[in-house]
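Q: Below are the structure tokens for one structure; questions will follow.
The values are calculated or read from the model by the stated rules, or taken from the named source; none is laboratory data. Please read all numbers here as calculations on a predicted model, not as lab measurements. Glycine also receives a Cβ, built like all others from the backbone with ideal geometry; neighbour counts cover every protein chain displayed. We work out accessible area using only protein heavy atoms, side chains counted, and drop any ligands, DNA or RNA first. Shrake-Rupley method; radii C 1.70, N 1.55, O 1.52, S 1.80 Å.
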Amino acid sequence: MNNKVFYSPQIKKIIDFMAKYFTQNEYYPKLDEIGKELNVSKQRIGVLIKNAEKLGLVKSQNVFMRKYMLNKSIKNCKFKVNNYYEL
């Protein structure tokens, strides 16, 4: 099975927002907070976050409904936006 994941500009916006939010608040945003900020539905954010998780950019952990957090290796991420990556 050919398993490719698309690293879209929307995923990049989500990752950037999560990083900024974390530096300001010292915790990660909920999916609906991300959705409100980026004007995207909660369902779409969920799909994009799942793709980001497959790419290894975020990891899931249920901490008071703040389910997703950034991976520490995000700072030296070599992924290019608008590319498909085989997993």
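Q: Suppose we keep only residues that are part of a strand (DSSP E or B) and open to solvent by 60 Å² or more (accessible area, probe 1.4 Å) within region 1-20. Which one would you say is nearest to Gly46 (Cα to Cα)?
A: To start, the set of residues in region 1-20 that are part of a strand (DSSP E or B) comprises 4-7.
Adding the requirement that they be open to solvent by 60 Å² or more (accessible area, probe 1.4 Å) leaves 4, 6.
Values: Lys4: 18, Phe6: 15 Å.
Only one residue fits best here, namely Phe6.
Q: In region 48-57, what residues are part of a helix (DSSP H, G or I) and open to solvent by less than 70 Å² (accessible area, probe 1.4 Å)? Talk me through it step by step, then tell me what you get.
A: If we filter region 48-57 for residues that are part of a helix (DSSP H, G or I), which is where we start, we get 48-54.
Result: Leu48, Ile49, Asn51, Ala52, Glu53.
Q: In the set Ser73, Ser60, which member is surrounded by fewer than 13 Cβ atoms within 10 Å (Cβ to Cβ), in contact with a strand residue (DSSP E or B) (Cβ under 9 Å, 6 or more places away or on another chain) and more than 18 Å from Glu86 (Cα to Cα)? Give the steps one after another, and end with the answer.
A: Values: Ser73 fails: in contact with a strand residue (DSSP E or B) (Cβ under 9 Å, 6 or more places away or on another chain).
The unique qualifying residue is Ser60.
Q: Quick check on my filter: what residues within region 29-44 are open to solvent by 50 Å² or more (accessible area, probe 1.4 Å) and in a loop (DSSP other than H, G, I, E, B)?
A: Lys30, Asn39, Ser41
Q: Hey, among Glu86, Glu26, which residue is more than 13 Å from the chain's Cα centre (by Cα), closer than 27 Å to Asn3 by Cα and open to solvent by 60 Å² or more (accessible area, probe 1.4 Å)? Steps first, please.
A: Numbers: Glu26 fails: closer than 27 Å to Asn3 by Cα.
Within the list Glu86, Glu26, the selection yields Glu86.
Q: Got at least one residue in region 2-24 being in contact (Cβ under 8 Å) with a residue 12 or more places away in the chain and in contact with a Lys or Arg (Cβ under 6 Å, 6 or more places away or on another chain)?
A: Kept after step one, since they are in contact (Cβ under 8 Å) with a residue 12 or more places away in the chain, are these residues of region 2-24: 2-15, 17-19, 21-22.
Going one step further and asking which of them are in contact with a Lys or Arg (Cβ under 6 Å, 6 or more places away or on another chain), we end up with 5.
Yes, region 2-24 has at least one match.
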